[in-house]
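Have a look at the structure below before the remarks.
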């Protein structure tokens, strides 16, 4: 069974915005999903946030096309009223991160991939940076 990975918005922006020095690791994770070796999820909120931030630096149609291509390899966890309520009631210091966390829980992800692990201290799901995740794969399997 494929591992279910939840990508935090910062990792998606690293990928779609080709932000250095973070792009390469994000791209390797996307490649795992493209090859069917992992299943990646993002929250519905990630798309609007990524579009908003990236369209400030790139043509909006180019950003939409990047999102369309990304959606081919990513599944979406819906942001529901129940998740918003859980986020509001949570002990997460950052509301947006709480929404990401509860979206990851909803789709039974086994790992949250983020560059802001400190923001997920309340998580019951393991939290890794893209590099930490890729290094863990090298230790247990020949994925890359």
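Observations on the structure shown:
- Scanning the range 59-84 for residues that are exposed (fewer than 15 other Cβ atoms within 10 Å of the Cβ) and outside any helix (DSSP H, G or I) turns up 59, 75, 78, 80.
- Number of residues in the range 125-134 that are more than 13 Å from the chain's Cα centre (by Cα) and in contact (Cβ under 8 Å) with a residue 12 or more places away in the chain equals 4.
- Residue check for residue 137: at pLDDT below 95 and either surrounded by 15 or more Cβ atoms within 10 Å (Cβ to Cβ) or within 13 Å of the chain's Cα centre (by Cα) (or both): yes
- Residues located in the range 1-53, provided they are assigned to a helix (DSSP H, G or I), touching a strand residue (DSSP E or B) at 6+ places or on another chain (Cβ under 6 Å) and more than 18 Å from residue 117 (Cβ to Cβ): 32, 33, 44
- Complete set of residues in the range 97-119 that are modelled with pLDDT under 95, more than 13 Å from the chain's Cα centre (by Cα) and surrounded by 15 or more Cβ atoms within 10 Å (Cβ to Cβ): 119
- Residues that are farther than 16 Å from residue 135 by Cα and either touching a residue at least 24 places away in the same chain (Cβ under 8 Å) or surrounded by 14 or more Cβ atoms within 10 Å (Cβ to Cβ) (or both) within the range 24-37 comprise 33, 34, 36, listed in sequence order.
The values are calculated or read from the model by the stated rules, or taken from the named source; none is laboratory data. A quick note: this is a predicted structure, and the numbers were derived from the prediction, not measured. Here the Cβ is made from the backbone with ideal geometry for all residues, glycine too, and neighbour counts use every protein chain on show.
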